[in-house]
Amino acid sequence: MHNRRKFLKLSASSYTLALFPSLFGCGGSSSNQTVTTNSLPSTPSSQTWQSTHPYLVGNHYPIFDEISLSNIAVIGAIPSDLHGAYFRNGPNQKYEPIQFTHPFDGDGMIHGLYFQDGQVHYKNRWVQTQGLIDENKQNHAIYKTFEKNTSNTHVIPFNGQLLSLYEGGLPYLLDNQLNTLGIFDFDQHLEHKMIAHPKIDPDTNELIFARYYMQTEPLLTYFRVSADGELLTKVAIDIPHPNMVHDIAITKNYAVFVITPVSWDKSRQEMVWLSNTNCELIVVDKHTGEKLYNIPMPTFFFWHFQNCYEDNIGENIVFDIVQYSGPTFSMRNAPGASISSLSRYKANLNTLQIHTTNMSKDSMEFPIIPPALVGKKYRYAYAPVRDYNDRPYVAYYAKLAQFDMENETTILRDFGNQRYVGEVTFAPKKDAIDPEDGYIIVAVFDANSNKTDVLILNSLDFLGPPIATVKLPTRIPNGFHGSWAEGVTFDPI
């Protein structure tokens, strides 16, 4: 319990306008390993810095070299049908910060693990945001927390390239070798920013996302973009109050939002929890953006949907959420946040009634499912789980869960003493009949060696031995979200 309180305290800050102008303002085994250093600007080791802040030590501490690794040592064998790349984004503060108040801060760095022809390659690159370019010119930090678009939250494949995402700014476009190509605004159809959790429709490859403002109208805007980047839908959505809309869910016919009591106090210029206010389910037509339903819900806070789908020929919308009793950061009038839990909500579109089922009380976050089942009925989900009793580290996840949503059971996999995981990714098996038959790719930080192993697990034999273990000679710091990109190949430059 002490460690949970410590985590919540250290996660907290008073989300004021001063801290969030960008977020809430206007508008077999191989030993033949090759290592090369990226030619892009990188902080020399002599300019590394140290901190005692809990989110800047251990595996939260940044790495300072951009490298490329070829033919990395592997225990076991990389499956022959595993051909593509796992990209993962996260904060990696390059220069010693002049202010650091929240773990969401830090320059985005993308890590790429490339699997092809039974071999594994790796490279990491900072996203060359305008803010980082400015600081590179000065050779030190010049921006405080949340004063720049750090592009550090998510990375997704899009139209043969990559989008690096951050809730408080526009996306950055990268090529598959992690070279930053520049700001991306969908041919000037997107202003200011977008959420970092768009959904890719598995049937059409359309990109579904939203943008929210806390102080200006429209408070929420819905977007639908074709697979090749053409804007198809852009519609303002009426919501009951300003809200931090971190995530969106989709089904076959709908896009879904949950509006929590998190809002904005104009007089105090700070975020506030609206006491005695229900959450509200907002359902819009996925194609036109027309608002169809708004249904009151129990009160909670959440960051992430796990998935959402239609049941009984569209009569019900089922959505799974990692929820808390209150926000995981401090704000006026807010209740204390509980340990997270996984809940299933079923909204009947005829009666406008919502039924709730607790699916797991494990303290989890960052859930993922097979990408082919986004917006569809599914069985398995995967998420890292905390153990507050015997793990002393702040925001470390000791185990990985496989949630069986049909049987309402959970299997936990432990990776050993002082070994920790984050969000994982799912790579489909070639020619698999079952879309849930694939590979779970897990980056495991080993605090004993200060290095990262990357494990490949069989999704349908979750507790079985790893198919392969990639022995990175470096570590991948704790981060946020990532994606699998099928067919992407590695270029060592």
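The order of Ile321, Ile239, Ile78, going from fewest to most other C-beta atoms within 10 Å of their C-beta, is Ile239, Ile78, Ile321. Annotation: lysines with alpha-carbon distance below 18 angstrom to Lys144 (same-chain offsets under eight excluded): Lys94.
Using R0 = 30 Å, the C-beta based FRET efficiency linking His140 and Leu181 works out to 0.70.
When you restrict to C-alpha pairs under 8 Å that are six or more residues apart and normalise by the size of segment 239-389, the relative contact order lands at 19 percent.
Of all aspartates and glutamates in the structure, those lying under 19 Å Cα to Cα from Lys429, and not within fewer than 8 positions of it along the same chain, are Asp81, Asp117, Asp203, Asp437, Asp461, Glu486. Computed from label points 7 Å out along Cα-Cβ, the spacing between Ile339 and Thr489 is 4.8 nm.
Straight-line reach from Lys346: which lysines have a Cα under 18 Å away, not including same-chain ones fewer than 8 places off? Within reach: Lys252, Lys376, Lys377.
Residue separation times 0.36 nm, minus the C-alpha to C-alpha distance between Asp437 and Ser449: what's the value? Provide the component values of the computation, followed by the final result.
On the way: separation 12, 0.36 × 12 = 4.32 nm, distance 3.22 nm.
Difference between extended and current length: 1.1 nm.
Treating r as the C-beta distance of Asn276 and Lys252 and R0 as 35 Å, the FRET efficiency rounds to 0.50. Along segment 86-93 the Karplus relation, 6.51 cos²θ - 1.76 cosθ + 1.60 evaluated at θ = phi - 60°, assigns HN-Hα couplings of 9, 10, 9, 10, x, x, 8, 4 Hz to successive residues, with x for each Gly and Pro. Quick check on segment 99-146: take the gyration tensor over C-alpha atoms, sort the square-rooted eigenvalues as a ≥ b ≥ c, and tell me if it's rounded (a/c under 1.5), prolate or oblate. Prolate, because a/c is 1.5 or more and a/b exceeds b/c. Taking a point 7 angstrom from the Cα of His241 along the C-beta vector, which residues in segment 317-344 have backbone N less than 14 Å away? Of the residues in segment 317-344, 327, 331-335 have backbone N under 14 Å from the label point off His241. Computed over the chain, the per-residue total of -39500 (n - 2.57) for DSSP H runs of n ≥ 4 gives a 222 nm mean residue ellipticity of -1000 deg cm²/dmol, rounded to 500. Stretched out straight at 0.36 nm per residue, the stretch from His53 to Asn350 would grow longer than its current Cα-Cα span by 101.8 nm. Between Gly438 and Lys429, Ser459, Leu460, the built amide H atoms are under 5 Å apart, and every one of these is 5 or more places off in sequence or on another chain. Report note on the peptides 244-253, 224-233: ranked by the mean count of other C-beta atoms within 10 Å, highest first, their order is 244-253, 224-233. For the pair Thr204 and Asn407, label points projected 7 Å from Cα toward Cβ lie 3.7 nm apart.
Net length available on complete extension from His192 to Ala73 is 38.5 nm, with 0.36 nm assigned per residue and the Cα-Cα distance removed. So I have (i) 66, 54, 40; (ii) 63, 53, 49; (iii) 77, 54, 41, and one of them is Cα extents along the principal axes in Å calculated from this model. Which one is it? So the calculated entry is the one marked (ii).
Loop-located trypsin sites (Lys or Arg not before Pro) across segment 259-330 with a Cβ neighbour count of 15 or fewer within 10 Å are Lys266, Arg268, with loop assigned by DSSP.
Values in this text are rule-based calculations from the coordinates and carry no lab data. What you are looking at is a predicted structure, and each value in this text was computed from that prediction instead of being measured. Note that each Cβ is placed from the backbone with ideal geometry, even for glycine, and that neighbours are counted across all protein chains shown.
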